[in-house]
Structure formats: C-alpha cells, structure tokens
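Data first, discussion second: the structure below is written as structure tokens.
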Amino acid sequence: MKEITWNEAIELGSPYPYTLITTVDRDGKPNIMGISWWTITSWEPKLIAVSIGHPRHTHECIEHCKEFVLCFPSEEQKEGAWICGTKSGKEMDKFKETGFKPVASKVVSPPIIEGSTIAYECKVVNKLETGDHTLYIGEVVAIHGSPEKEKHLFSVHYRKLVSLDFKGNANFEL
Ligand SMILES: Cc1cc2nc3c(=O)[nH]c(=O)nc-3n(C[C@H](O)[C@H](O)[C@H](O)COP(=O)(O)O)c2cc1C
C-alpha cells in the first residue's frame, strides 16, 4: 500500500450506490437530488441516514418538511438521475426537466418517483451537523419496490454512473 489522496481513495472505493432523494419545499413543491452518501443504520427500528450538503436546495426543503423518500433509480432513468445530481432545484423544476413522474407517497409528503426500483418513505427522527453536511436520520415508514427491475445505478467518484445487476454484472457507462 501507499499513501493516496482523498480524491484517489474515493475513486478507488467506487462504485457507490447512487440514489435519489425527494423532499418538498415550504409551498409543497417537490424536488429531487442525487445522493451517494446514504446508509442503513439500524434494522429495528428501520433507520436510514442521508448526508446533505448545506448549500443544497434539498437541505432547505428537509429542514422544513422533516421527511424524505429515498428512491433507487432504475437503469432506464440514468439520464434524469444524472441531472438530479448535477443541477439544483433552486434553478429548475427537476421533475419537469427529467420527465420523472411524481406519485403520491403512502405516509409522507414528498412523492415517490414512478419507475424506481425501491422507494423508502422516511420521517426524520434525528440529525447531526457533520462538517459541511448535515446527517439526517430517517425512520422508514413505508417501503415500495419493483421486483422485476434488477438493475440499479452506481456512481464512480462524481464523474459517471454505471449500472449493475444484483449478480454484479456491469451493464453500461453513462
Ligand atoms: C454521484 C453523485 C453523488 C452525490 N452525492 C451527494 C450526497 O451524498 N450528498 C449531497 O449533499 N450531495 C450529493 N451530490 C450533489 C447533489 O446531488 C447536487 O449538488 C445537486 O445539484 C443538489 O440538488 P438540490 O440543490 O436540488 O438539492 C451528489 C452528486 C453526484 C453526481
């Protein structure tokens, strides 16, 4: 082994599961953001942590609505999923821009993205300031899935997305 930089380590540790988080603003308008820094933190209760940068529109939305939906985009959604990680909801309506269709969630206000492979509806139960991000802990209150969709998106550093199925086969590069 040799000493490497933060950027080299992030590249080497790739790919990371790439998901989309939906929130709503004060007027109830939904937004979508691409997120790799998320993790399951507890089995019972079922808890998921998401790390959101302070300048993100999503940060403002989640501070207000205290709920989110973590959606796993399917392979067909790769172009729209990339837009959600590279453009801000401060500048555009990402549902319009991507053509993603919002579907009402069962429990929370932020919508599910139609066509996702999995969607976890979460209510924020805790948060921690961590450097330039806030870590929000969400309790899972409903789960939806499309078992027929096998392929999920993974990010390689912040450069590109790849799709992998559950057998580990890479399918494309974006
Ligand atoms: C591959 C990838 C992973 C990302 N992961 C995160 C993340 O974990 N947390 C975060 O705050 N931003 C992350 N981002 C950046 C946001 O998605 C991006 O800044 C987005 O434009 C913010 O949207 P918003 O302002 O509408 O919330 C990621 C971007 C990419 C391309």
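No value in this document is a laboratory result; all are computed from the given coordinates. For clarity, every value in this text was computed on a predicted model and none was experimentally measured. For neighbour counting, all protein chains shown are included, and Cβ atoms are generated from backbone atoms with ideal geometry for every residue, glycine included.
Some points to look at:
- Overall form of the stretch 6-165 per C-alpha gyration tensor (a/c, 1.5; a/b vs b/c): rounded
- Taking a ≥ b ≥ c as the square roots of the eigenvalues of the alpha carbon gyration tensor, the stretch 77-165 is rounded, as a/c is under 1.5.
- Selected from LEU164, LEU153, LEU12 as most flexible by GNM, with the chain as the system and alpha-carbon contacts under 10 Å: LEU12
- Here's how it looks for SER105: its modeled amide H is under 5 Å from those of ILE112, which are all 5 or more places away or on a different chain.
- In a fully extended conformation the segment linking GLU114 and SER14 would gain 33.3 nm over its present Cα-Cα distance, using 0.36 nm per residue.
- Pairs from the list LYS106/LYS160; LYS2/LYS87; LYS66/LYS94; LYS2/LYS127; LYS2/LYS78; LYS87/LYS127 with a Cα-Cα gap above 30 Å: LYS106/LYS160; LYS2/LYS87; LYS2/LYS127; LYS2/LYS78.
- 3J(HN,Hα) couplings calculated from phi for the stretch 116-123 with the Karplus curve 6.51 cos²θ - 1.76 cosθ + 1.60 (θ = phi - 60°) are, in sequence order, 5, 7, 9, 9, 9, 7, 10, 10 Hz; Gly and Pro show x.
- Full extension of the chain segment joining HIS157 with MET92 gains 20.9 nm, where the gain is 0.36 nm per residue of separation less the Cα-Cα distance.
- Listed residues VAL103, VAL162, VAL124, most fluctuating in the chain (Gaussian network, C-alpha, under 10 Å): VAL103
- Label point at LYS123 placed 7 Å out along Cα→Cβ; residues across the stretch 18-47 whose backbone nitrogen lies under 17 Å: 24, 44-47
- Among GLY115, GLY99, GLY131, residue whose mean-square fluctuation peaks in a GNM of the chain (springs only between Cα atoms under 10 Å): GLY131
- Remark: spin-label model distance THR5-ASP165 equals 3.8 nm, labels positioned 7 Å along the Cα→Cβ axis.
- Summary of the geometry: the stretch 93-134 and the stretch 1-72, compared by the centres of their Cα atoms, lie 10 Å apart.
- With a Förster radius of 22 Å applied to the C-beta separation of ALA142 and HIS64, the computed FRET efficiency comes to 0.60.
- Gyration tensor verdict on the stretch 1-48 (Cα atoms; rounded if a/c is under 1.5, prolate if a/b is larger than b/c, oblate otherwise): oblate
- Neighbour-count ranking [beta-carbon atoms within 10 angstrom, fewest first] of TRP38, TRP43: TRP43, TRP38
- Nitroxide proxy distance, nm - points 7 Å out along Cα→Cβ at GLU150 and LYS46: 2.4 nm
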